[in-house]
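Beneath this line is the structure, given in structure tokens, with notes to follow.
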Amino acid sequence: MKYNLFEAGQQGCTRLITMGGAFSNHIAAVAAAGLLFGVDTVGYIRGEAAYPLNPTLQGAIDNGMELRFVSREAYGQLREKGLQPERPGDYPIPEGGTNALAMPGCRELGEELLTQLDDPGHSTIAVACGTGGTMAGLVTGLQGLPCLGIPVLKGGFMTTTVQGYHGLFTGRQWPHWQTIDGFHFGGYAKTTPELFSFMANFYTQTGIPLDKVYTGKMFYAIFQLIQSGYFAPGSTIVSIHSGGLQGN
Ligand SMILES: Cc1ncc(COP(=O)(O)O)c(C=O)c1O
């Protein structure tokens, strides 16, 4: 959101409008940013409200966001048309936060990582993919370091999606990245006992909590890929823990 927030500030905007599902970490993040930077926030939420609200939505309200629950059909229309300003001072941010201004922010994540690696030549950066925007931007900051994306949705479209963002937002294609499907556990936000047991073991061994929608699936995939010999011996695997813990 970094450069979207700069832009909103430069335009003198006083309200951020965005949209997401009931478990959207992006909704949580926009609400938190609104509180931090002293601007109002509105979130269109897909589907009927179910009370008590889950921690993501309740947290958004606690951070001052106005939630507007809309039917799946209406949500689909909003997505298709794109969010529009509703009054002067409104700054719309698309679902998941992925737009042209998201790219430089995620590129900086890659650039910052590069400065921290002892042995970049033998490193792979791993990231969970939802919209694919984070990975698309990240790859542009990695100077050719391999990047591995784990899609948390089924459908097998992530490679095309990331290529699409690269074309649309950076005007070129970027090398040395790959997405690997097959670790969605049935689809977006779907879980299995095996996933929960992996997350629990991971926490016991490392003290690091994972979320069930994104990072749990990514770390599970990494461990499977290590076992199957995907990574060369001696590799450093840098896994981006992108958050989402309030959803747990
Ligand atoms: C915790 C977390 N990790 C990773 C992602 C993936 O980001 P992107 O949608 O940019 O692919 C998301 C997206 O919402 C997320 O909430």
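Readers should treat all values here as calculations from the given coordinates under stated rules, not as data from a laboratory. These numbers come from a predicted model, not from an experiment. Because the Cβ atoms are built from the backbone with ideal geometry, glycine has one as well, and the counts that use them run over all protein chains shown.
Condition check: within 13 Å of the ligand (Cβ to nearest atom), touching a Lys or Arg at 6+ places or on another chain (Cβ under 8 Å) and within 19 Å of SER239 (Cβ to Cβ). Does ALA136 satisfy that? Steps first, answer last, please.
On the way: within 13 Å of the ligand (Cβ to nearest atom): yes; touching a Lys or Arg at 6+ places or on another chain (Cβ under 8 Å): no; within 19 Å of SER239 (Cβ to Cβ): yes.
In short, no.
Any chance you could count how many residues in the range 115-137 are farther than 22 Å from ILE226 by Cα and in contact (Cβ under 8 Å) with a residue 24 or more places away in the chain?
7
Can you tell me which residues in the range 211-220 are within 13 Å of the ligand (Cβ to nearest atom) and within 16 Å of TYR188 (Cβ to Cβ)?
Across the range 211-220, the qualifying residues are ASP211, LYS212, VAL213, TYR214, THR215, GLY216, LYS217, MET218.
With GLY229, GLY243 as the choices, which residue is within 11 Å of the ligand (Cβ to nearest atom), on the phi > 0 side of the Ramachandran plot and either surrounded by fewer than 17 Cβ atoms within 10 Å (Cβ to Cβ) or not hydrophobic (A, V, I, L, M, F, W, C) (or both)?
Every option except GLY243 fails the conditions.
Taking PRO209 and the conditions (1) closer than 16 Å to ILE150 by Cα; (2) in a loop (DSSP other than H, G, I, E, B); (3) in contact (Cβ under 8 Å) with a residue 12 or more places away in the chain, which numbered condition does it fall short on, given that it satisfies the others?
PRO209 satisfies all of (1) closer than 16 Å to ILE150 by Cα; (2) in a loop (DSSP other than H, G, I, E, B); (3) in contact (Cβ under 8 Å) with a residue 12 or more places away in the chain except (1).
State the number of residues belonging to the range 39-52 that are touching a residue at least 24 places away in the same chain (Cβ under 8 Å) and of a type outside the set (Val, Ile, Thr).
Going through the range 39-52 one residue at a time, the tally reaches 6.
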